[in-house]
Amino acid sequence: MKFSNLKLSAPYLNLKPIFYEKVDPTPLHKPFVISTSQSAAKLLGIDEDLDLDSKLIDIVNGKIKLEGSETFAMCYAGHQFGQFAGRLGDGRAINLGKVNGQNLQVKGAGLTLYSRHGDGRAVLRSSIREYLMSEAMHGLGIKTTRALALIGSDTKVAREKWEKGAIVLRLSPTWVRFGTFEYLNAYKEHDKLQELADYVIEESFPYLTGSEDIYLKMYAEIVKNTAQTIASWQSVGFNHGVMNTDNMSIDGRTIDYGPFAFLDNYDPHFVCNHTDTQGLYSFSGQVGAAHWNLDMLARTLSPLMKYELSEEVLDDLYRSTYEDVYSKIMFKKMGLFTQDNEDKALYQTMFRALANASIDYTEFFRKLSRFKGNKSDILDICIDRRHLDVWLDSYNERLEKEILSPDERHEKMLAVNPKYILKNHILQEAIDKAEEDDFGMVNELLKVALAPFDEHLELEHLCKATPIEAKNIKLSCSS
Ligand code: AMP
Ligand code: MG
């Protein structure tokens, strides 16, 4: 199957017009393909090389439409940094339609009814970040929207300086957000809430169809999925940066990559978003932020189910799912495959030691994956060696209870502790080159993003240590 032969449908357009605006993309000038992800294309059943498909560029650029494509922008609202922000909607993303359970969307494709003061465009640097990080998140095994293609152009876009417009073709099984429900509730469209809930059940939770208390069950699924994704973020050191309810996917996947960052040195209080002056979405704050967002969703859905019941679901499921998933991942990362009552205490002391050591989070686990009692390999990358020195002794003692041989343990650990993480300094290097029309590094990064646990010896420059001046820096939202 070829990309340009896909046949789309648009089930979202069966909803009432209040849910969307039918709008055509505004093509960019002199578009060119920067990168494509054959891995994402597989989701659509495409087996032919995307780069050989001469129509791909015009489709992503909105010049020609795939068969059956009816383009539209979705309407939603949201709480931004704790305040209700009113109607938002897709201000620069336009949906093309759905195939194989994936909704295709082009981000940066021009003005819509919901553009407010924006220009409907996305600049090259933010598009590179979103394109690569979507695929990297998938490579890490974390639920996410995907990215199939990135195109650049000659179109000038005004930000702090003039930049160039780009478009990312994104894929997701759903583009419904917590904020989509919030829009209907805030504007007292209560009957439409049920219409949307039924759509969401059909699209994202079809196995619930016909069950009793179906909306409460839908909510429970959203709570569980969200808790799982947040646990996965915390385990890899990912800081999303803008966990507003309009950036919370209804099926719990990671969505809308803006000023995100991976931890360099382990610091639970790290805030990647420059505009988040209160630290609402700090690294460790993400767990509570998702809970708060889920509570907002429960309030929003209260015309469909009793708020007290959804609160019970939230209390019962969120923390327990989070703790369960998080501890299971951490034990794997630490190479603890037998169970011991002291293991939770061991990882808690590990985090205290990491926070005191000033040590790169990713590098620590990669080195731990090869640990054979040789503490200096790890201690040599700490600023303050004392705490981890003590901890490594207790870890070494604990390893004696493991049944696996060290080699078997190492192999399993190397498969869960990534070598390649898209740190901002590396992304910035790729962006700087791309702005000089050299896209080689974007494509190199895509390769390691999709297989971050592999060695890729020829690409080791992509996992070099973060320069001191670039460690744990904040990013601005402007994109
Ligand atoms: P974000 O912070 O990217 O999640 O965006 C928040 C809201 O602002 C969403 O409704 C976006 O569609 C909208 N938005 C962001 N940038 C632009 C832009 N350049 N033009 C139009 N709308 C935008
Ligand atoms: Mg957004």
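The values are calculated or read from the model by the stated rules, or taken from the named source; none is laboratory data. The structure displayed is predicted, hence computed values, not measured ones. All Cβ positions, glycine included, derive from the backbone under ideal geometry; neighbour counts span all protein chains shown. Surface areas here come from the heavy atoms of the whole protein model, side chains and all, with no ligands, DNA or RNA. Shrake-Rupley method; radii C 1.70, N 1.55, O 1.52, S 1.80 Å.
Within the range 133-284, antiparallel bridges make up roughly 90 percent of the DSSP beta bridges whose residues both belong there. Qualifying GluC sites (Glu not before Pro) in the range 108-167, where qualification requires a DSSP coil assignment and no more than 12 other C-beta atoms within 10 Å, comprise GLU160. Counting pairs of alpha carbon atoms under 8 Å apart in space and at least six apart in sequence, what relative contact order in percent does the chain give? Here the relative contact order equals 15 percent. Cross-link reach is defined here as a Cα-Cα straight distance under 13 Å, omitting same-chain residues fewer than 8 places apart; for LYS332 the aspartates and glutamates meeting it are ASP324, ASP343, GLU402, GLU408, GLU411.
Among the listed pairs LYS401/LYS464; LYS107/LYS188; LYS164/LYS471; LYS7/LYS30, those with a Cα-Cα distance over 31 Å are LYS401/LYS464. The gain in end-to-end length when the ASP191 to GLU308 segment is fully stretched comes to 40.1 nm, 0.36 nm per residue minus the alpha carbon separation. In terms of the Cα gyration tensor, with a ≥ b ≥ c the square roots of its eigenvalues, is the range 3-172 rounded because a/c is under 1.5, prolate because a/b exceeds b/c, or oblate? The shape class here is rounded. Please state the shape class of the chain: rounded when a/c is under 1.5, otherwise prolate if a/b exceeds b/c and oblate if not, all from the C-alpha gyration tensor. It is oblate, given that a/c is not under 1.5 and a/b is not larger than b/c. Rounded to the nearest 10 degrees, the inclination of helix 307-334 to the longest alpha-carbon principal axis of the chain is 50 degrees.
Normalised by the number of residues in the range 48-100, the mean separation of alpha-carbon contacts (under 8 Å, six or more apart) gives a relative contact order of 29 percent.
Taking the 1.4 Å solvent-accessible surface of the range 339-401 as the whole, the part contributed by carbon and sulfur is 44%.
Could you tell me which GluC sites (Glu not before Pro) in the range 1-96 are loop residues by DSSP with no more than 16 other beta carbons within 10 angstrom of their beta carbon? Those that pass, being in a loop and sparsely packed, are GLU48, GLU70. Applying a DSSP loop filter and a limit of 11 other Cβ atoms within 10 Å to the trypsin sites (Lys or Arg not before Pro) in the range 184-291 leaves LYS188.
Over the range 84-206, Cα pairs under 8 Å with separation of 6+ residues give a relative contact order of 23 percent.
In the context of the full set of protein chains, the chain has a per residue accessible area of 41 Å² (1.4 Å probe). Expressed as an acute angle from 0 to 90° and rounded to the nearest 10, what is the orientation of the C-alpha long axis of helix 190-204 relative to the principal long axis of the chain? For 190-204 against the chain, the angle is about 60 degrees.
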